[in-house]
1. Considering just Cα atoms, how many Å³ per residue does the convex hull of the stretch 175-242 enclose?
2. Have a look at 570, 594, 523 and report the one farthest towards the positive end of the charge dipole of the chain, computed about the Cα centre with Cβ charges (Lys/Arg +1, Asp/Glu -1).
3. Mind listing the long-range amide H neighbours of residue 531? Cut-off is under 5 Å, sequence gap 5 or more, other chains count too, H placed in the peptide plane at 1.01 Å from N.
4. Normalised by the empirical 2.2 N^0.38 Å for globular proteins, what value does the Cα Rg of the stretch 409-561 take?
5. Let's see if you can work this out: charge +1 on each Lys and Arg Cβ, -1 on each Asp and Glu Cβ, no other charges. What is the dipole magnitude of the stretch 536-624 about its Cα centre, in debye to the nearest 20?
6. Give me the dipole magnitude in Debye, nearest 20, for the chain about the Cα centre, with unit charges on the beta carbon: positive for Lys and Arg, negative for Asp and Glu.
7. Hey, any idea what Rg/Rh is for the stretch 357-428, computing Rh the Kirkwood way over Cα pairs?
8. Let me check the size of the stretch 14-122 from its C-alpha atoms; what are the radius of gyration and Dmax in Å?
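The values are calculated or read from the model by the stated rules, or taken from the named source; none is laboratory data. Predicted model, so just to flag it, every value in this text is computed and none were measured. Using ideal geometry, Cβ is built from the backbone for each residue, glycine included, and neighbour counts are taken over all protein chains shown. Just the protein is used for accessible areas: all its heavy atoms, side chains included, with ligands, DNA and RNA removed. Shrake-Rupley method; radii C 1.70, N 1.55, O 1.52, S 1.80 Å.
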Amino acid sequence: MSQSQARNKNISNDNRHFEADSFLRNVSTKPGVYRMLDGDGKVLYVGKARNLKKRVASYFSNTRLPSRTRAMVRRVCDVEITVTMSETEALLLEQSLIKRLEPPYNVIFRDNKTYPFIHVSNHPEFPRLSFYRGSRKVPGQFFGPFPSARAARQSLTILQRLFTLRTCEDSFFEHRTRPCLEHQIKRCSAPCVGKIDAKSYAEDTAQAVMFLEGRNRAVLDEFTDAMHQASQRLDYETAARRRDQIAALQQIQEQQGVYTSDGDLDVLAARTEHGIACVHGVFVRGGLLIGQKTWFPRDALDQTNEQMLETFAAQYYLGGAGMDIPQLIITEHELESGALLADVLSDQANKKVRFTSRVRGRRRRWLEQAAENAAAQLKQRLSRKQTLVERILALQDALGLDALPDRLECFDISHASGEATVASCVVFDGNGPKKSDYRRFNIEGVKEGDDYGALRQALTRRFAKLARGEGQMPGILVIDGGPRQVDVAVQVLAEYGLTCDEGGIVIIGISKGPGRKAGLESFTLGSGAALPLDPHNPAMHLLQHIRDEAHRFALHGHRQRRQKVRRESVLDMIAGVGSARKRSLLQHFGSLASLKGASVEEVAKVQGISQSLAAHIREQLESA
C-alpha cells in the first residue's frame, strides 16, 4: 500500500461517525475496562474506569479535551467494554491489555531488559563478586536489583575499593601465576597467588555482604575494631589499610547521603511538555542510594504531570519490570488511584506498600532531586528534538517536498575484502533514530567485494517485505554511495512498481568528499541530478547523521559476523565429524595445525575415527 493510499484510508476512517449517544444508553455504570477502536478494528486506546458510563461519556461530551485526545476521538468507530467485579480487577486487566496490544494512544513504557544484580558466588574459599543479569538460579547470593547497569557497576567499583574482592572469572582465577592489574591498583587482594589467606578473605566477603544489605554502621564498627586490634599488636600495615577503608566508607556515605533509617523507597517525578514526557526515578535500598534512572515513555494524550506519574507507576510496577517493589513509593504529586494501586502492589509483594507525596527532610531533598533531574532531562530532549525538526524542515525545503518527510531509511554495506558482508538499514522519524526498526542483512551468494550486488540483495529483501504488506514505506531512501549505487536503488524500486519521481520515494545517494572529510560530500538524487547542499545547511547535517549511524550499525554487524566465522573450525564443515569427534581429534593432536600435518594412518589412530573417515578428513583439510 502506498503512503497516499494509507493516508486516504485513515481519512476515510476518521470520517466514519460513531453514534456515541445510542452506544452510551446501554453502557454499565460498574467498574471495567474500555477499548477504543478505529475503522479497521485496531485498538487505539485502553483505559479503566470506576464508572464505565461516566468515563466513556466524558470523551464525547467534553468540548475542552486536549488536542491529541480530540484527534483520537475523531478516529473512534467503536468502543468495546469489559465489566469487572472491582476497580482492582479493572486496573490489572488494563495493564495486561496495554502490555499485549501496545495501543498508539497509551503511555508505553519500553524496557525489555531484566534488571542487573550484584552476585557473590559460592566458591568454597574465594567467592567472586560480579555484575549479573538474568535468571537467579545460579548458586550464590544476589543483591539488588539495581535500576541500571551503570548503578550496579558503580556499586561494584565501590565494593572493590572497600573490600578488594576478586571479580575475575573462575577459569582466569585458577590459572594465574602472578597478580593482575586489579591488585596493582589496590582493587583486589590477589587470592589467586596467595596474597591473602582464606580466613581473611572470608572476613572481607562477610563485610561486603553486610554493606550490600545496608548494614553500613556495622561494617564501620568492624573496620574500627579491626584497626584498633591491629594497632595494639603493632601490625601497622593492617591498621593503615583499615584506616583507609574507614575513610573511604565515610566518604561514600557522605556522597550518597546514606541514612539507614530510610529503608527501601522509590522516588518518582515527571515532566511533560510539547508531546514529550520524562519520568525520573531515585532508588534507595537499605538506606543506600543505589542509583537513578530516566525514562521517556510515549505520551500520546497530552497528560499532565500527575496523570503521567499515575499511568507510569501502574505500568512500571504492575508490568513485570523486574524491580523489587519497595515499601514506600514517593511521587511528586498525589496519585488519584494511589490507594488502589498500593493495595494491588501490597498483595503482589506480600508486604505493605504505600504511596505518598507528603515528605520532609531527606526524603523531600530526594524528591526535589528527582524533579530537577526530570526537568533537566526533558529540556535536553526538547533541545535535541528542536534541532532535529529544524534539520528535517531544511531537508524538506532542499528537496521541495509538499509534506514533511516522516520516515527516512539509510542503507550501507560493510565487509573486509569481501569477507562477512553485512548490509544495514537504519530508520529516522520525527523523533530521531527509531532503533526498533533497524535491520541487518547477512549477504549471501554475492561475489566478494561486489558492493552493488550486496546493496541490490539488501534492498530487494527489504522491499519484498513491503510488497507483502509488512512494515512501513519510507518517504526518503538514503544510500551510502554515489550515482551507481543510486541506479541500483532505482532499479530495485522499479521492480516493485515504485518510482522516485514526484510523489514517489525520494532517493538520495551520499558520496564521500575529498579526503573523506565531513562537509565535502556530494549528493545524487534518484533522477541523476545533483542535490547542492551548503556545508552549514541543517539538511546536510541530518543526512550525515543518518549515514554515520548506518555505517556504525553495519560495521558492528560485520565485526560480529566475522568473529563468529573465525571462531568456527574447519572441522565443523566436515560431514561425519561432530562435536565429540572434533574434541577427540584436537585433544589427540593438540591443535588444528598439527592435525593438518598428520597422515591418514595417524588420523585413523584417534578413537572413533575409521580409516575411510580419516581419509575423508585428510581430503577436506587439504582442500580447505
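1. Values: hull volume 7.0 nm³, N = 68.
Cα-based convex hull of the stretch 175-242, divided per residue, equals 103 Å³.
2. So the residue furthest toward the plus end is 594.
3. 523, 524, 525
4. Details: Rg = 14.6 Å, N = 153, 2.2 N^0.38 = 14.9 Å.
Taking N as the residue count of the stretch 409-561, the ratio is 0.98.
5. Details: 14 positive and 8 negative charges, 59 e Å.
Dipole magnitude for the stretch 536-624 comes out near 280 debye.
6. Numbers: 88 positive and 73 negative charges, 160 e Å.
Its charge dipole is roughly 780 debye.
7. Details: Rg = 21.9 Å, Rh = 16.8 Å.
My calculation of the ratio gives 1.31.
8. Final numbers for Rg and Dmax: 17.2, 67 Å.
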